[in-house]
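First the structure, in the form of structure tokens, and then the observations on it.
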Amino acid sequence: MRGNLPWVAAALVIVAIVGVLGWALYPAAPAPAPVLEWRIVAVLEGAVPGGALAHSSGIENMYIMKHGSGYDKNSDLSQYVGNDNYCVDVITGNGQSVDVPYDLALDIVVAVKGDAENDIPEPLAYACKENIKADFEWNNGFSYHENSTDLMEYVFENQGYYSASGYLRVNAVFDNNGNGWKLQAGAYTPYTIRYWCWG
């Protein structure tokens, strides 16, 4: 029995060495990467016809622009408010209603801000239009629901584009596939706008 003890001790030492080498050669699996997903940041609801949200990321305004008027989609559309040649009206907060002319072709433009550094209330992974989208829905006599695509989004201000510490402001233009929207006389059309970010 005493003659077997050195072999047992040697076996335990070998097992311990293999265990240490195994740990060194095959370290523990890395922590899983953070999950990136689309998240709703803000919702703006109201009705057409009939402030800006106070987050660093979210919906700024909804502009009702005259379709084909030549407004610059790559600019801050607040410059057109009050100019009847371009802008019919602007919605700046939840539950607002505006009166619009019937049978006039309109574009609905949702201005949003995405902030990757201050990312309140939800994080934006990188400051680029690929990581944000606006969702526009209305119905009454017809139904329409669409998410903006990169081709519908126009960056009009940014700092640190594509960085994790930058921000951007974007106009998401909903123009009925280039045809504009027309409301009938007396129509009342509820709307909902949602702002999503990838974070």
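Derivation of every value follows stated rules applied to the coordinates shown; laboratory data play no part. Please read these numbers as outputs of a predicted model, since none were measured by experiment. For neighbour counting, all protein chains shown are included, and Cβ atoms are generated from backbone atoms with ideal geometry for every residue, glycine included.
Over 18 Å apart at the Cα level, from the set Lys129/Lys182; Lys73/Lys129; Lys73/Lys113; Lys66/Lys182, are Lys129/Lys182. Between Val155 and Ala185, the FRET efficiency estimated from the beta carbon spacing at R0 = 35 angstrom works out to 0.45.
Calculate, for Asn139 and Arg39, the FRET efficiency according to 1/(1 + (r/R0)^6) with r their C-beta to C-beta distance and R0 22 Å; round to the nearest 0.05. Kindly include the intermediate steps, with their values, before the conclusion.
Working: r = 25 Å, r/R0 = 1.12.
Using R0 = 22 Å, I get an efficiency of 0.35.
For Cys128, the residues whose modelled amide H falls within less than 5 Å of its own, excluding neighbours fewer than 5 places apart on the same chain, are Tyr162.
Placing a label point 7 Å from the Cα of Asn118 along the Cα-to-Cβ direction, the residues of region 156-190 whose backbone N falls under 20 Å of that point are 156-171.
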